[in-house]
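Shown next, in structure tokens, is the structure this report addresses.
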Amino acid sequence: MSLRILAAPLLLAICLTNLAAAQESDGDQAAAAETPAAAEQPPAEDAKPTAEEKPAEEKPAEEKPAVEKPAEEKPAAEEKPAADKPAAADKPAAEEKPAAEDEKTAASPEEVKKLQAVFDQRVKEWRKATQEFWAEVNEFHTAGGDVKFSEQIRWAERESATRDAMQAAFLAASDLVFADHENRDARTFMAQSILYHAQNDWYEGLKDAALAMLEVGIKDVQLNVIAGVAAAATGDFEVAKENLKLTPAEGDEGLLKVARRMNFMLDPLQEAWEKEQKIRQAEAEADDLPRVLLKTTRGDVLVELFENEAPNTVASFISLVEDGFYSNVPFYQVVEHEFAQTGDRDGDGSGTADYRVRDEATGERGIFRGSLVLAKIPNPNAAHNPDVPGTIPDTGSSQFLITLLPFNPDYKELCCFGRVISGMGAISTLNRAKVEKEKDAPVVLPDSIIEAEVVRKRDHEYKPETLPY
């Protein structure tokens, strides 16, 4: 069953509970429950990959991305980032608010009143941002002549601001529902927001929202699935284990298959995450890793590069950025629950930088949500011989992935050379485009990197050692 079908009991329960109260609601209250999708225009369901394209449970195919036409097996609103500060909405959900077990102390009427005021204000700000965004959209589409670079940037910034406002309202609704279980507006807003976030791989804040709905008595295993996947995506593995064990054994679509695959690798993933946290703490103390700002058609994405482990790969990436290689390059392949792939100017999966780099630091850094992974050419013999590598060695070039969910830590063929430190809301809401389209499938125009800019680097030359193609 699909995510929408499984979520139907959740929406039905909320709607029936609140039907009488909704009839007495005034216009502003009704607007507060307006579906968040209106602000974002999420991609059509038809544009998303089918279940058959997703990986086998024993070895997630997300870990075998392609540079040339990727195999049909499918393998990171936040606030607009400052150059060196992650957005608030991109913080892991575990940092945003404690899990439901810690929230059972009843809130006082004064606390509820304050939370209600915050929620009302956040919804008002979101509605205002949405109106401004659509005004920008209308102006953008009615402008004569070629679309100017400045207009693209302005549109992307407006959309990013709208997404930030939506996320702020979403988190405020979660706080309010924890404090006031019977709050109609917050519950309705959250129900629709949870579906939208889950369908778009937007996991920041999603775990706590799903737990809040379970806390108020909504009995729907899909909420456990969503909470479990979101917890695994944001590093809360105890919550992930508790909820993913309830995943139904049947169903092959949407987050169900993802949940079963994620449940299979939770222990090694938790071990890899703990190791990663120690490395990140040391990096934060040194505070000198290179950073690149990707200005995309969905907003800004700030990435930090792992020069300590992959110096040559980072040198290649920085030199390409400084040469303007990534300007107007599409995210030509965006696979739900898997990754977004870019770095090919032609957008058909075959483009390179006209050179290769040797494999570097494969398996040294775990691949988590928001990791930057150098793409390689898939090995055609891997499908027939499990003993051969899944990718051809030393075939990395300009193409890279930004992961939406973690990869299996046991898969160590790919180089993770950086991570997103703010802007995962923009990556999550990229159009779900594919290189190979099904017959009669609608054309989905890919989002793109408008411009890439190095905002920080170490004091030395970044000149990669390369191999000829």
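For segment 333-381 and segment 126-201, compute the distance between their C-alpha centroids and round to whole Å.
For segment 333-381 versus segment 126-201, the Cα centre distance is 30 Å.
What number in nm² do you get for segment 201-303 if you take the convex hull of its Cα atoms and divide its surface by four? Walk me through the numbers on the way to the answer.
On the way: hull surface 34.3 nm².
Value for segment 201-303: 8.6 nm².
Binning at 5 angstrom from zero up to the longest distance, how are the C-alpha pair distances of segment 406-453 distributed in percent?
4, 12, 17, 17, 20, 17, 10, 2
About its Cα centre, how strong a charge dipole does segment 245-306 have in debye, to the nearest 20, once Lys and Arg get +1 and Asp and Glu get -1 at the Cβ? Don't jump to the answer; show the numbers that get you there.
Numbers: 10 positive and 13 negative charges, 52 e Å.
In total the dipole reaches around 260 debye.
Which value in nm describes the separation of the simple spin-label points at Lys241 and Asp440, placed 7 Å from the Cα toward the beta carbon?
With each label point 7 Å from Cα toward Cβ, the separation is 4.8 nm.
Once the Cα atoms of segment 258-372 are picked out, what are the Rg and Dmax in Å?
Cα-based Rg and Dmax for segment 258-372 come out at 15.9, 43 Å.
Do the alpha carbons of any pairs in Lys412/Lys439; Lys278/Lys457; Lys219/Lys245; Lys207/Lys412; Lys376/Lys434; Lys245/Lys278 sit beyond 25 Å of each other, and which pairs?
Working: Lys412/Lys439 35 Å; Lys278/Lys457 22 Å; Lys219/Lys245 16 Å; Lys207/Lys412 28 Å; Lys376/Lys434 17 Å; Lys245/Lys278 28 Å.
Violating the 25 Å limit, Cα to Cα: Lys412/Lys439; Lys207/Lys412; Lys245/Lys278.
Among 213-222, 424-433, 385-394, how do they line up by average Cβ neighbours within 10 Å per residue, starting with the highest?
On the way: 213-222: 18.2, 424-433: 26.0, 385-394: 14.1.
Descending mean neighbour count gives 424-433, 213-222, 385-394.
Residue farthest toward the positive end of the dipole of segment 316-469, with Cβ of Lys/Arg at +1 and Asp/Glu at -1: which of Gly423, Ser398, Pro464?
Farthest towards the positive end: Gly423.
Given +1 on the Cβ of Lys and Arg, -1 on the Cβ of Asp and Glu, and no further charges, what dipole in debye does segment 304-392 carry about its Cα centre, rounded to the nearest 20? Could the numbers behind the result be given before it?
Numbers: 6 positive and 15 negative charges, 26 e Å.
Dipole of segment 304-392, to the nearest 20 debye: 120 debye.
Say each of Tyr469 and Ala383 gets a label point 7 Å from the Cα, pointing the same way as Cα to Cβ; how far apart are those two points in nm?
It is 2.3 nm.
So, how do all the Cα-to-Cα distances of segment 107-195 break down into 10 Å bins, in percent, from 0 on up?
Computed distribution, short to long bins: 17, 37, 23, 15, 7, 1.
What is the gain in length, in nm to one decimal, between Gln277 and Phe325 on full extension, counting 0.36 nm per residue of separation less the C-alpha to C-alpha distance?
On the way: separation 48, 0.36 × 48 = 17.28 nm, distance 3.20 nm.
Contour length minus the Cα-Cα distance gives 14.1 nm.
Order 241-253, 340-352, 407-419 from most to least packed using the mean count of other Cβ atoms within 10 Å. Could the numbers behind the result be given before it?
Details: 241-253: 16.1, 340-352: 19.9, 407-419: 22.6.
So the peptides 241-253, 340-352, 407-419, ranked by packing, come out 407-419, 340-352, 241-253.
Keeping all protein chains in place, calculate the accessible area per residue for segment 152-237 (probe 1.4 angstrom), answer in Å². Display every interim value, and only then the final one.
Details: 1700 Å² over 86 residues.
On a per-residue basis, segment 152-237 sits at 20 Å².
How much of Val335 can a 1.4 Å solvent probe reach, expressed as accessible area in Å² and rounded to 10?
0 Å²
State the percentage of accessible surface on segment 215-301 attributable to carbon and sulfur atoms; use a 1.4 Å probe and exclude ligands, DNA and RNA. The partial results should precede the final answer.
Values: 1610 of 3500 Å².
Carbon and sulfur together cover 46 percent of it.
Tell me, what is the FRET efficiency for Glu139 and Glu461 to the nearest 0.05, using R0 = 56 angstrom and their Cβ-Cβ distance as r? Walk me through the numbers before you get to the answer.
Working: r = 43 Å, r/R0 = 0.77.
The formula returns an efficiency of 0.80 here.
Using a probe radius of 1.4 Å on heavy atoms only, what accessible surface per residue do you get for segment 320-400? Whole Å² is fine.
Numbers: 2910 Å² over 81 residues.
I get 36 Å² per residue for segment 320-400.
Return, for the Cα atoms of segment 333-469, the radius of gyration and Dmax in Å, separated by a comma.
Just the Cα atoms of segment 333-469 yield Rg and Dmax of 15.8, 52 Å.
What ranking do 262-273, 168-179, 283-294 get when scored by the average of other Cβ atoms within 10 Å per residue, highest first?
Working: 262-273: 18.2, 168-179: 25.9, 283-294: 15.7.
Going from most to least packed, we get 168-179, 262-273, 283-294.
Taking the Cα centre of segment 363-452 as origin, work out the dipole magnitude from +1 charges on Lys and Arg Cβ and -1 charges on Asp and Glu Cβ, in debye rounded to 20. Kindly include the intermediate steps, with their values, before the conclusion.
Working: 9 positive and 10 negative charges, 43 e Å.
Once rounded to the nearest 20, the dipole reads 200 debye.
In nanometres, what is the gap between the two model label sites at Phe149 and Lys114, each 7 Å from Cα along Cα-to-Cβ?
4.7 nm
The values are calculated or read from the model by the stated rules, or taken from the named source; none is laboratory data. No experiment lies behind these values; they were computed from the predicted model shown. Methodologically, a virtual Cβ is constructed for each residue, glycine included, from the backbone with ideal geometry; neighbour enumeration extends over all protein chains shown. Ligands, DNA and RNA are stripped out before the accessible areas are found, and what is left, the full protein with its side chains, is counted by its heavy atoms. Shrake-Rupley method; radii C 1.70, N 1.55, O 1.52, S 1.80 Å.
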